[in-house]
Each structure stands twice: as C-alpha cells, then as structure tokens.
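All remarks here apply to the structure that follows.
The values are calculated or read from the model by the stated rules, or taken from the named source; none is laboratory data. Owing to the predicted nature of the structure, the values given are computational and were not obtained by experimental measurement. Please note: Cβ atoms are built from the backbone with ideal geometry, for glycine as well, and neighbour counts cover all protein chains shown. Quick note on the areas: whole protein, heavy atoms, side chains included, nothing else; ligands and nucleic acids left out. Shrake-Rupley method; radii C 1.70, N 1.55, O 1.52, S 1.80 Å.
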There are 2 protein chains.
Amino acid sequence: MALIVQKYGGSSLESAERIRAVAERIVATKKAGNDVVVVCSAMGDTTDELLDLAAQVNPTPPAREMDMLLTAGERISNSLVAMAVASHGVDVQSFTGSQAGVLTTERHGNARIIEVTPGRVEDAVQEGKIAIVAGFQGVNRDTRDVTTLGRGGSDTTAVALAAAMGADECEIYSDVDGVYTADPRIVPDARKLDHLCFEEMLELAASGSKILVLRSVEYARAFNVPLRVRSSYSNDTGTLVAGALEDIPVEEAVLSGVATDNSEAKISILGIPDTPGEAAKVFRALADAEINIDMVLQNISSAEDNKTDITFTLPVADGSRGIELLSALRNKEGWDDVVYHEGIGKVSLIGAGMKSHPGVTADFTEALRDAGINIEMITTSEIRITAVVDANNLAEAARAIHTKFDLGGDEPAVVYAGTGR
Amino acid sequence: MALIVQKYGGSSLESAERIRAVAERIVATKKAGNDVVVVCSAMGDTTDELLDLAAQVNPTPPAREMDMLLTAGERISNSLVAMAVASHGVDVQSFTGSQAGVLTTERHGNARIIEVTPGRVEDAVQEGKIAIVAGFQGVNRDTRDVTTLGRGGSDTTAVALAAAMGADECEIYSDVDGVYTADPRIVPDARKLDHLCFEEMLELAASGSKILVLRSVEYARAFNVPLRVRSSYSNDTGTLVAGALEDIPVEEAVLSGVATDNSEAKISILGIPDTPGEAAKVFRALADAEINIDMVLQNISSAEDNKTDITFTLPVADGSRGIELLSALRNKEGWDDVVYHEGIGKVSLIGAGMKSHPGVTADFTEALRDAGINIEMITTSEIRITAVVDANNLAEAARAIHTKFDLGGDEPAVVYAGTGR
C-alpha cells in the first residue's frame with residue numbers, strides 16, 4: 001500500500017462543482033488501495049478577496065493579523081473538501097496547519113517550516129481515514145501564533161508533509177497537465193515532459209517556469225520526495241520530478257526545455273574602480289536591503305583609468321529601491337553613473353544532456369543570431385544556459401531555441417484556462 | 001480603569017466601511033480610559049454563504065467539518081477588525097477561540113463552554129493592548145478540535161470572557177439600540193427600556209424576544225455580568241441588563257414589555273386515561289427524542305370514562321418528529337386522537353411589577369377579550385403571563401396588551417435595517 005500526498009491548487013477548487021470533482025479523484029485514489037493525505041490551497045479568488053478587504057480597512061495591516069485573515073481561506077477549502085469526500089461514505093478528517101504539526105519560524109507572511117510533527121495525521125491515516133490538511137499555514141513553534149508560508153506555501157506544505165510521513169509520491173495538481181518543454185502560450189509546439197530530475201526542475205523554476213515554486217522543489221530534493229505535476233482536469237499521468245542529476249545515464253541525458261522570465265530588470269554601474277572590494281560594496285548594500293540579484297556581468301576594465309562597469313539583474317519589484325540605494329552610493333563613491341533598464345527578458349535552456357554535449361552553447365548563441373536577436377548578457381551553469389535579451393524579443397528567442405534543439409512535439413499542447421497558486 | 005467587553009454582531013460588521021466604524025468606537029472606548037476586549041461575530045452574510053457552499057458539496061456534512069468551516073467566518077472578521085483598530089496606531093492583537101482559552105464540550109455545532117482560561121488575553125490587556133477575540137468558537141478540551149457554540153454563540157463568548165476576566169460591563173452591539181417594550185415592527189409606539197433585571201430579560205428571551213439569546217443571559221445572571229444592549233449605529237446608551245429581581249424595591253418594580261413568538265406549534269392528545277403515569281409516557285417519549293416542550297395544559301377529565309386531553313406547545317421545527325412519535329404511541333396506548341396545529345402565536349407580558357400588582361392577569365385577559373381575541377392556553381410565572389392565541393391575531397394581541405398597560409412612549413421607536421446574529 002502506497003502513501004500518496006495530493007496537493008490541489010486554488011484553480012482546482014474554485015467552485016463547489018470543482019470541489020466535488022476533486023473529492024471523486026481523492027476517493028478513487030483511496031479505493032485504488034492507497035493511503036491518501038490531501039493538502040488544499042484556498043478556493044479560487046478567496047485570497048485576493050481577503051487581501052482586498054484588508055486593504056480597505058488598513059493599507060498597512062499588521063503581518064500577524066494578515067496571517068490570521070489569510071489562513072481562513074485554506075480552512076474553508078479544507079473543510080469543504082473533507083465534506084465532499086465524506087459524501088462518498090469514506091472516513092475523512094481535516095486538519096489545520098497547527099493540528100498537522102507544521103511548526104514554523106515566527107516571520108509572519110513568509111515563515112519557514114522548521115519541523116513537521118504529523119502525529120495526528122498519521123493516526124488518522126492509520127485508522128483508514130483520508131486526511132485533509134490546510135496548506136500555506138503553520139504555527140509559530142514558540143508563540144503558537146498562526147503563520148503563513150508565503151508564495152507557493154501550499155506546495156511546500158505538501159512536500160514537507162510527504163517528507164515527514166515518508167510518502168511514496170507527492171502529486172501537485174493544478175490546471176496544467178505537466179511540465180512542458182516551454183510555455184505553450186509562447187511556443188505552440190511545446191511538448192509535455194514525462195520525467196525530469198530535481199536539478200533540472202530547480203533550474204527551470206529558477207529560470208521563470210511558474211509550474212512549481214523553487215522552494216518546494218528544493219525541499220523535495222533535500223528529502224528525496226518524488227513529485228508528480230498533474231492536472232485536476234484530466235487523467236494524464238503528468239510529469240514526474242524525481243532522481244538526481246548524477247544518476248542519469250549519459251545516453252539518457254537530454255535537453256529538457258526552454259524557460260522565459262520577464263520579471264527582472266537590469267542595473268548597470270558605469271565607471272567603478274576596478275580594485276578589490278569595490279564590487280563588494282555594491283552587493284553588500286543590496287544584500288543588506290534584502291534585494292536578491294540574479295545574473296552579474298563585470299566588464300574588462302579600460303586600461304587608461306582602471307575603471308570598469310558592473311551590470312546585474314534583479315526583480316523588477318525591487319528595482320526602484322535598488323536604484324535609489326545605488327544612486328546614493330554613487331554620489332558617495334564617485335562612480336560615473338548608475339543606469340536602470342526594465343525592458344529585458346531572460347531566456348534559458350535547461351537539461352541534463354548539456355553536460356555531455358559541449359556544442360550546446362554554440363548552438364544556443366547561433367539560434368539567437370539567426371533570429372536576429374542580440375544577447376545582452378549570458379551565463380551558464382552545469383545544466384543551464386541563460387541569455388538576457390530585449391523583452392520584445394523574448395518570445396521569438398524562446399521559439400528559436402526550442403526549434404534549434406528540436407524540443408517540439410507532434411501533438412499540440414493541452415492548455416487549460418486559469419493558473420494555479 | 002474599567003474593563004469593558006464589547007461584542008459586535010454580524011450586521012455591525014457587514015462591510016469594510018462598517019468595520020472601520022466599529023474600530024473607531026473600540027478605539028474611542030480605549031482612549032476614554034478603559035481596558036477593552038472585543039468579541040466579533042462573522043461579517044454579515046458570511047455564515048449563510050458558507051452554509052450554502054457546504055450544502056452544495058454534501059447535504060449532510062460531518063459536524064466536525066462544519067465547525068472547521070464556520071469558524072473561518074469569525075477569524076476573518078476578527079483579523080479585519082484588528083487591522084482596522086491598528087490603523088489608528090493603537091496596539092491590538094486578535095485571538096481565536098482556542099487562543100483565548102474558550103474550552104468546550106465535544107458536541108460539534110452546539111458545544112457548551114466548560115471553562116474560559118483567558119491568560120493570553122489578560123496578558124495582552126495588561127500590556128495595554130486591545131484584544132479582539134473570535135466569537136462563536138471554542139476548542140474541545142480533550143481532543144483540541146475546533147467547536148462552535150450554536151445560536152447566539154458570540155454573545156455567549158462575550159459574556160463568558162467578561163465573567164472569566166471580571167469585566168465591569170459586557171456591551172452587546174447590534175443594529176437595535178436597546179431592549180424595547182415590544183417589537184417596534186409590531187407595536188409602533190414601543191419604547192426603549194433603560195434598565196431590566198436579569199430575570200426580566202430571561203423571561204423576555206424565553207418568550208420570543210430575539211435581542212439576546214436565553215443562554216447568554218443565563219450565563220450573565222449566573223456570573224453577575226452586567227450586560228448593555230446597544231446599537232453600533234448610534235451613541236445611545238442602550239439598555240442595561242443587571243441586578244436581581246429580589247433587589248428591586250417594590251415601588252420601582254414596573255411592567256417591562258410584551259414579547260411575541262410565532263415559532264411554536266401545538267399538539268393535543270385527546271382521550272388519554274386520566275391515571276398516574278399516562279402523561280409521563282408522553283413527556284418521557286418527547287424528552288428521549290430531545291424535543292423541548294414549552295407550555296402544557298391538561299384538561300379536567302370527563303366523569304364517565306375517566307379520560308382527559310393533554311395539549312402542549314413545541315418548536316415548529318420539531319413538529320413533524322413530535323407528531324410521528326406520538327402517533328405511533330397512540331396506536332400502542334389506544335388514545336383517541338393526536339392533533340397537530342401550527343397556526344398559533346404566543347404573547348407574553350413580562351415585568352417585576354407583576355409580583356406586587358395582583359390585578360395584572362385580570363387586566364391581561366380583559367385586554368384580549370376587548371380586542372375580540374380568544375385565548376387558547378394561558379400560563380403564568382412570578383413575573384410573566386403568556387397566552388396562546390391564533391397566529392393571525394398575534395400582532396393585534398401584542399398591541400392590545402401594550403396599550404392596556406400603558407407601556408408606550410411618546411417618541412417613535414428607532415428601527416434600523418437588518419438583524420444581528
């Protein structure tokens with residue numbers, strides 16, 4: 001008998017009808033002979049509606065109260081799913097994050113899971129019950145206050161529970177039936193992948209793929225929890241994310257997909273002294289302000305004045321804070337200029353096969369050249385190549401690379417309406 | 001410095017705008033030099049919306065899951081009120097029923113409070129914070145499962161907290177600015193009362209007045225918590241419910257008001273042997289089925305066959321179960337007939353003054369006679385007279401009694417839209 005953890009996103013639970021459909025799937029999984037633990041996000045737009053109400057009573061609400069408010073959403077979906085399952089005559093019990101033993105740090109709105117002690121959930125499963133656990137929420141280990149896990153929190157709840165309970169598989173349900181070789185809205189012949197290793201999925205998530213949140217993949221990799229990305233609207237087996245990069249035989253290593261990301265901006269610092277410690281000043285200032293930088297490029301210094309240029313990318317959301325900070329630093333340090341630019345896009349090619357195919361970078365750059373697209377920055381990792389291009393060329397760049405590496409399939413991609421949380 | 005517990009009903013919290021208004025009142029109470037603990041019901045129609053969703057996924061949802069679902073409503077209003085209070089720069093903290101130490105029996109949907117251990121709430125108040133507590137909910141002392149307190153549960157939460165914390169007053173806010181001498185929708189010249197003793201309020205609540213739930217008044221009386229019924233839409237001081245009947249000086253004892261109730265039905269058992277134990281069979285059967293009966297009338301037996309008739313009232317909601325039960329018993333016992341009748345209404349006159357005015361019952365019956373209304377049943381207590389009349393005559397009966405005892409005021413009653421929970 002296998003233990004399956006299933007996580008359903010908000011789009012899978014947006015109405016009473018959808019909840020009944022999800023309940024049927026849960027009951028079918030149980031009747032197929034599995035133990036089942038389910039993690040639910042809030043229904044459809046519930047979270048947005050609660051955020052809207054909060055904004056109306058206080059533009060800067062206390063984080064603790066915001067967590068108390070938002071966790072109500074998962075309690076609602078959770079109990080409704082439990083009721084729907086119960087209507088099939090199956091034993092079922094719902095649990096809040098606290099009841100499921102999801103212990104977190106105290107940071108409201110973005111808490112980290114410290115430990116999962118799912119004793120009550122395990123007891124319920126042992127008694128033959130289906131357990132329904134509210135996602136996205138936990139409890140501060142010290143104060144017993146309710147916390148939330150931030151973006152992708154329900155995925156993280158599911159993976160953490162699966163790890164703590166030694167589940168055989170953690171199924172992540174949304175309205176997309178798997179991980180694709182590219183975003184099908186951008187690349188029409190994108191093909192669904194049957195299997196990816198954790199490292200490939202991590203690189204995809206870090207490069208702009210929205211299907212799984214980076215943090216939950218990191219958690220799954222750390223505890224070796226096989227993930228299966230599936231759609232709650234179909235019976236497709238989805239995409240299995242499991243196994244380590246080093247365990248993939250060379251002859252099976254392929255290129256997995258193309259990811260795009262238009263959520264970053266670029267800052268260039270011009271005329272900064274090319275001496276030890278100067279670049280560190282820049283990145284220390286950004287780190288102290290909790291601004292995450294992504295790609296970094298430092299030019300060769302010009303011989304005459306021993307000055308150089310540093311360019312890096314950062315989330316658009318942090319752009320104005322970043323530029324404000326560095327402009328102040330520029331005045332103090334005497335750098336020539338600080339330039340901010342939002343109109344960029346990142347295109348990445350990811351795949352374990354890159355390790356054993358040395359010509360990939362050459363093919364990648366040629367594909368962009370042939371499409372007439374200029375590369376502004378380029379970085380590589382063991383299994384990823386990323387280029388920054390003009391945002392207007394991002395979709396074309398993705399298509400060019402996808403075609404160059406022959407990633408497309410014959411069957412058209414299946415795309416459903418809406419997006420999961 | 002006084003400690004005030006304020007309870008706000010759903011109609012007082014039906015929108016972000018109303019929540020902001022409530023927050024202003026809370027902050028003003030604090031700034032006037034009081035310690036303040038607030039208990040909130042769910043916003044406006046939230047509970048009905050959740051019940052509707054539940055019915056769509058399971059017509060007979062498990063009670064435990066229903067409690068998990070419904071308590072989300074109070075968590076939402078609770079955290080929003082806390083946010084709105086925080087926007088005034090005042091220290092505030094919200095608490096779930098569990099966090100506030102509301103320990104209950106295990107009966108989901110209608111749990112009883114066993115004990116309130118408000119240590120965390122007291123700590124917050126001691127630190128100068130306003131405490132906001134989710135009403136209607138508690139936690140099963142043994143299993144730590146979330147429970148709800150049934151109808152009027154938020155009032156009960158407020159009174160129980162006030163009792164446990166030794167509050168100076170418990171203010172119950174709704175959209176009505178106090179207790180009236182009659183329902184102003186039925187009796188236009190109904191007058192707001194400034195003061196009632198606990199026993200009078202108990203009799204009013206038991207006789208159909210909806211303003212306070214019987215259970216919360218019983219709790220307030222048992223722990224001697226002064227209640228103040230007020231409107232969140234006005235600054236009227238409302239009605240104070242406090243003090244014991246025996247402490248009212250005879251010269252101050254007056255008649256308080258008229259209550260009406262059309263939620264009961266009548267069952268008559270005809271031709272039942274007038275021997276010891278026969279009536280007991282009827283009431284034991286009803287009690288075993290958890291059907292509460294209200295008024296009981298047993299006729300004098302007819303001489304020839306030593307048989308009698310028994311008539312009693314019970315909630316309309318229990319009517320079909322009651323009649324089914326007694327019809328089965330009739331076949332077994334050989335009673336002549338069991339007759340069910342829904343079209344009845346109860347009109348009651350209540351007041352401490354009744355004790356010292358022996359002519360009240362005579363005046364009461366004359367008022368109905370003069371209005372041409374037939375009395376089907378009549379019962380009295382120390383401070384109450386109740387008559388059962390035809391439902392079609394109920395409003396007219398209330399007006400006749402109200403006028404006869406000169407309970408009306410010169411100023412028109414203030415009636416607001418909606419009703420509180």
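Quick notes on this structure:
- Counts of other chain beta carbons within 10 angstrom of each beta carbon in peptide B:12-23 average 2.
- In the protein assembly as shown, helices alone account for a calculated mean residue ellipticity at 222 nm of -10500 deg cm²/dmol, with every DSSP H run of four or more residues adding -39,500 (n - 2.57).
- Efficiency of FRET from Cβ geometry, residue A:114 and residue A:210, R₀ 30 Å, rounded to 0.05: 0.65
- Of all chain A residues, the closest to the A-onto-B rotation axis by Cβ, with that distance in whole Å, is A:72, 2.
- The listed peptides A:170-179, A:217-226, ordered by packing as a protection proxy, come out as A:170-179, A:217-226 (highest mean of other Cβ atoms within 10 Å first).
- Point-to-point label distance, residue B:223-residue A:223, nm (Cα→Cβ direction, 7 Å offset): 4.1 nm
- The residues of segment B:50-69 occluded by other protein chains by 50 Å² or more of accessible area, set against the chain on its own, are B:53, B:57, B:64, B:65, B:68, B:69; surface from heavy atoms, 1.4 Å probe.
- Between A and B, accessible area buried - total, square angstrom, nearest 100, 1.4 angstrom probe: 3200 Å²
- Other copies of residue A:339: label-to-label distances in nm, shortest first, labels 7 Å along the beta-carbon direction: 9.9
- Carbon + sulfur, % of accessible area of chain A - ligands and nucleic acids excluded, 1.4 Å: 47 percent
- Electrostatic tally near residue A:321: other residues with Cβ closer than 12 Å to its Cβ, Lys and Arg +1, Asp and Glu -1, net -4.
- When each of the peptides A:142-149, B:353-360 is scored by how many other beta carbons lie within 10 Å of its residues on average, the order from highest to lowest is A:142-149, B:353-360.
- Counting, for every residue in A:373-384, the Cβ atoms of other protein chains within 10 Å of its Cβ and taking the mean gives 0.
- The other copies place their residue B:185 label points at 4.9 nm from this one, listed shortest first, where each point is 7 Å from Cα along Cα→Cβ.
- Selection among B:47, B:335, B:36 by position relative to the dipole of the protein assembly as shown gives B:36 as farthest towards the positive end (Cβ unit charges, Cα centre).
- Partner chain coverage, peptide A:86-93 - average Cβ within 10 angstrom: 3
- A straight line joining the Cα centroids of segment B:369-393 and segment B:1-76 runs 38 Å.
- Surface exposure of chain A, expressed per residue as accessible area with a 1.4 Å probe, stands at 41 Å².
- Computed about the Cα centre, the dipole magnitude for the protein assembly as shown is approximately 580 debye when only Lys and Arg (+1) and Asp and Glu (-1) carry charge, each at its Cβ.
- Inter-site label distance for residue B:56 and residue A:270 at 7 Å from Cα along Cβ, in nm: 5.8 nm
- For residue A:321, label point 7 Å along C-beta direction: distances to other copies, nm: 5.8
- Computed with a 1.4 Å probe over protein heavy atoms only, the accessible area of residue A:115 comes to about 80 Å².
- Simple spin-label estimate for residue A:320 and residue B:90 in nanometres, 7 Å along Cα-Cβ: 3.2 nm
- Using the Cβ-Cβ distance between residue B:336 and residue B:289 with R0 set to 25 Å, the FRET efficiency works out to roughly 0.65.
- Packing, as the average of other Cβ atoms within 10 Å across residues, places the peptides A:11-19, B:272-280 in the order A:11-19, B:272-280, highest first.
- Here the scattering of segment A:3-175 is modelled by Debye summation over its C-alpha atoms, one equal scatterer each and no solvent; at q = 0.10, 0.11, 0.18 Å⁻¹ the log10 of I(q)/I(0) is -0.34, -0.41, -1.06.
- Projecting the Cα atoms of A:176, A:159, A:360 onto the charge dipole of the protein assembly as shown, computed from C-beta unit charges around the Cα centre, puts A:159 farthest toward the positive end.
- Summing charges over neighbours of residue B:209, with a neighbour being any other residue whose Cβ is under 10 Å away from its Cβ, gives -2 when K and R count +1 and D and E count -1.
- Set B:31/B:210; A:266/A:404; A:129/B:210; A:7/A:355; A:31/A:192 screened for pairs whose C-alpha atoms are more than 30 Å apart: B:31/B:210; A:129/B:210; A:7/A:355
- Largest first, the three principal axis extents of the alpha carbons in chain A are 80, 52, 36 Å in whole numbers.
- Dividing the Cα radius of gyration of the protein assembly as shown by its Kirkwood radius returns 1.10 for Rg/Rh.
- Between segment A:132-171 and segment A:222-277, the alpha-carbon center distance in angstrom: 22 Å
- At an R0 of 22 angstrom, the distance between the Cβ atoms of residue A:362 and residue A:297 translates into a FRET efficiency of 0.65.
- Charge tally around residue A:36: other residues with Cβ under 12 Å, Lys/Arg +1 each, Asp/Glu -1 each, net 0.
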